[in-house]
Amino acid sequence: MKDSCCSVVCDKPLDQNYWDAQYIANSTGWDLGQIAPPIQKFIDRLDNKQYRILIPGCGNTYEAEYLLDKGFTNITIIDIAPTLVANLKQKFAQKTGITIIQGDFFDLNGKYDVIIEQTFFCALPPILRQKYVWKMHQLLSTNGKLAGLLFNREFEVSPPFGGNQKEYEKLFKDAFHFDTLTLAKDSVVPRNNSELFFEFIKNEKVNVALYTFEGITCSGCMEKVSEKFAAVEIVLNVSMNSNFNEVLMVSKTEIPLHLLQQIVSYDENYKIQLMQP
């Protein structure tokens, strides 16, 4: 399984050119051709038409169409693929209440009350999952909500990249309050019993920080470093990516960088730096 995933990722980096090529070739097997029923039901429960709503990695964004039809007035969609975005700008040319951005989600700024997740998380290389949590926490407004679907399965060839509930609980722990994280009951037939529907609310009372890390070369060392960080009294959750070069930390208050560097000073190769928003 890992070899299959690696052959796709390593040979064809999942960058702007990769995704643009998929749309040029109309190779969009992930596209349902409709809004996912669990997300439609979620939107139907939103009670404020002025919510600032973001859809990252939007694709053909049936979600935005539905939101506009329901009267929502402040929708932002972003995707990295120029061909797709050009098509979307033409498609929504006569619509107001929607902002269309071509660019990298991780470069986005702003504040949003609701962020809708639909096949964006699973399209990202897993090494970016810690960065995803960090960025989502930044972009959400006070009491903002991240909601949508996550795959509850693995794939032989990726993207998409899968996962499971236990993994997601560990990844998002303490940065968000879990309102809902459960098997979706009304997925489309091809995805039946393979999706989790979730609603996470931003935890305002914590500090969520991402750090770059140098020097770790194996999972054993990663576990040791993570344990040492987790032992700090104010630290609530620690998660390091699979390349061992980024660390997500959720803490009660901001942690002095010199303290973290001191903790790993037993190895002169270890260097940690705070990543700026």
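The values are calculated or read from the model by the stated rules, or taken from the named source; none is laboratory data. Small disclaimer: the values here were computed from a predicted structure and weren't measured. Using ideal geometry, Cβ is built from the backbone for each residue, glycine included, and neighbour counts are taken over all protein chains shown. Surface accessibility is based on the protein's heavy atoms, side chains included, excluding ligands, DNA and RNA. Shrake-Rupley method; radii C 1.70, N 1.55, O 1.52, S 1.80 Å.
Looking only at strands (runs of 3 or more DSSP E) that lie completely in the stretch 175-232, which have at least 2 residues being closer than 30 Å to Gln262 by Cα and in contact with a Leu (Cβ under 8 Å, 6 or more places away or on another chain)?
Values: elements: 176-183, 195-202, 207-214.
The qualifying strands (runs of 3 or more DSSP E) are 207-214.
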Q | Within the stretch 223-269, tally of residues that are farther than 15 Å from Trp134 by Cβ and among the polar types (S, T, N, Q) | A | 8
(Q) Under 7 Å between Cβ atoms, which residue pairs at least 6 apart in sequence (or on different chains) link something in the stretch 253-266 that is within 11 Å of Ala209 (Cα to Cα) and charged (D, E, K, R) with a partner that is open to solvent by less than 60 Å² (accessible area, probe 1.4 Å) and not in a loop (DSSP other than H, G, I, E, B)? (A) Glu254/Asn207
**Q.** Qualifying positions in the stretch 223-257 - hydrophobic (A, V, I, L, M, F, W, C), open to solvent by 40 Å² or more (accessible area, probe 1.4 Å) and within 19 Å of Tyr168 (Cα to Cα)
**A.** Ala230, Leu236
Q) Looking only at the stretch 204-221, which residues are surrounded by 19 or more Cβ atoms within 10 Å (Cβ to Cβ) and out of contact with any helix residue (DSSP H, G or I) (no Cβ under 8 Å at 6 or more places or on another chain)? A) Val206
Q.
Looking at Glu254 and the list (1) within 18 Å of the chain's Cα centre (by Cα); (2) part of a loop (DSSP other than H, G, I, E, B), which single condition is not satisfied?
A. (1)
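Restricting attention to helices (runs of 4 or more DSSP H) lying wholly within the stretch 11-97, give those where 2 or more residues are more than 22 Å from Val114 (Cβ to Cβ). If you could, list the steps in order and put the result at the bottom.
Numbers: elements: 16-24, 37-44, 62-69, 82-91.
The qualifying helices (runs of 4 or more DSSP H) are 16-24, 82-91.
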Q.
Being open to solvent by 30 Å² or more (accessible area, probe 1.4 Å) and either within 16 Å of the chain's Cα centre (by Cα) or of a type in the set (Lys, Arg) (or both) is the requirement here; does Glu169 meet it?
A. yes
Q: Exactly one condition in (1) farther than 26 Å from Gly33 by Cα; (2) assigned to a loop (DSSP other than H, G, I, E, B) is not met by Arg153; state its number.
A: (1)
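For the subset of the stretch 98-140 comprising residues that are among the polar types (S, T, N, Q) and farther than 26 Å from Pro37 by Cα, which member is nearest to the chain's Cα centre (by Cα)? Steps first, please.
Filtering the stretch 98-140 for residues among the polar types (S, T, N, Q) gives 99, 102, 109, 118-119, 130, 138.
Pick out the ones that are also farther than 26 Å from Pro37 by Cα and you get 102, 109, 130, 138.
Details: Gln102: 17, Asn109: 15, Gln130: 8, Gln138: 12 Å.
It comes out as Gln130.
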(Q) Can you tell me which residue is most open to solvent (accessible area, probe 1.4 Å) among those in the stretch 47-74 that are of a type in the set (A, V, I, L, M) and either more than 18 Å from Met136 (Cβ to Cβ) or at pLDDT below 95 (or both)? (A) Leu68
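Quick one: is Phe106 part of a helix (DSSP H, G or I), aromatic (Phe, Trp, Tyr), touching a helix residue (DSSP H, G or I) at 6+ places or on another chain (Cβ under 9 Å) and in contact (Cβ under 8 Å) with a residue 24 or more places away in the chain? Steps first, please.
Values: part of a helix (DSSP H, G or I): yes; aromatic (Phe, Trp, Tyr): yes; touching a helix residue (DSSP H, G or I) at 6+ places or on another chain (Cβ under 9 Å): yes; in contact (Cβ under 8 Å) with a residue 24 or more places away in the chain: yes.
Yes: the conditions hold for Phe106.
Could you check the stretch 236-250 and list, in sequence order, the residues that are farther than 14 Å from Ile127 by Cβ and either touching a helix residue (DSSP H, G or I) at 6+ places or on another chain (Cβ under 6 Å) or part of a loop (DSSP other than H, G, I, E, B) (or both)?
So in the stretch 236-250, the residues farther than 14 Å from Ile127 by Cβ come out as 236-238, 249-250.
Once the filter is applied, which keeps residues that are farther than 14 Å from Ile127 by Cβ and either touching a helix residue (DSSP H, G or I) at 6+ places or on another chain (Cβ under 6 Å) or part of a loop (DSSP other than H, G, I, E, B) (or both), the stretch 236-250 yields only Val238.
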Q. Looking at (1) part of a helix (DSSP H, G or I); (2) surrounded by fewer than 18 Cβ atoms within 10 Å (Cβ to Cβ); (3) in contact (Cβ under 8 Å) with a residue 40 or more places away in the chain, can you tell me which one Val133 breaks?
A. (2)
